[in-house]
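Read-outs throughout are calculated quantities, based only on the coordinates presented, and are distinct from any laboratory measurement. Being a predicted model, the structure only gives us computed values, none of them experimental. Glycine also receives a Cβ, built like all others from the backbone with ideal geometry; neighbour counts cover every protein chain displayed.
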Amino acid sequence: MRTLVLASLPLIMAMSVAFGAKAAEKTVVILGTATPGGGFPIYGQAVAESINEIDTTIEVRPQNTAGSAENIPLLEAGKLDIGLVQGEAALEAL
């Protein structure tokens, strides 16, 4: 899981560059995590804080969800911009 999320960081950074071309208003990006108490919310908060610190034109907001099983349909429905998903669940969704 860590590798999957770390591998997605270049994509996130590219998104921040693309969104950075807009005016000075912040672009809000919703990041689906999982239920409190697990690793996804902690990791999602750390990712959000890092991106928000690096790029002031983007605001990543972590959102607690039911985890991978909910993040995939929320991503497909356009209700999340980014979602943390376990590797096996991501593979099955492809």
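Looking only at residues in region 80-94 that are surrounded by 11 or more Cβ atoms within 10 Å (Cβ to Cβ) and over 14 Å from Pro62 (Cβ atoms), the one that is farthest from the chain's Cα centre (by Cα) is Glu92. Candidates in region 21-50 are the residues that are of a type in the set (A, V, I, L, M, F, W, C) and touching a helix residue (DSSP H, G or I) at 6+ places or on another chain (Cβ under 6 Å); of these, the one that is farthest from Gly78 (Cα to Cα) is Ala34. In region 57-79, the residues that are within 15 Å of Val28 (Cα to Cα) form Cβ pairs under 9 Å with partners that are surrounded by fewer than 20 Cβ atoms within 10 Å (Cβ to Cβ) and among the basic types (Lys, Arg), at six or more places apart or across chains, as follows: Thr57/Lys22; Thr57/Lys26; Ile58/Lys26; Glu59/Lys26. With a requirement of 1 or more residues that are in contact with a Cys (Cβ under 7 Å, 6 or more places away or on another chain), none of the helices (runs of 4 or more DSSP H) lying completely within region 21-94 satisfies it.
Just to be sure before I move on: is Ile82 within 15 Å of Val29 (Cα to Cα) and among the aliphatic types (A, V, I, L, M) in the structure I sent? Here the answer is yes, as Ile82 does meet what is asked.
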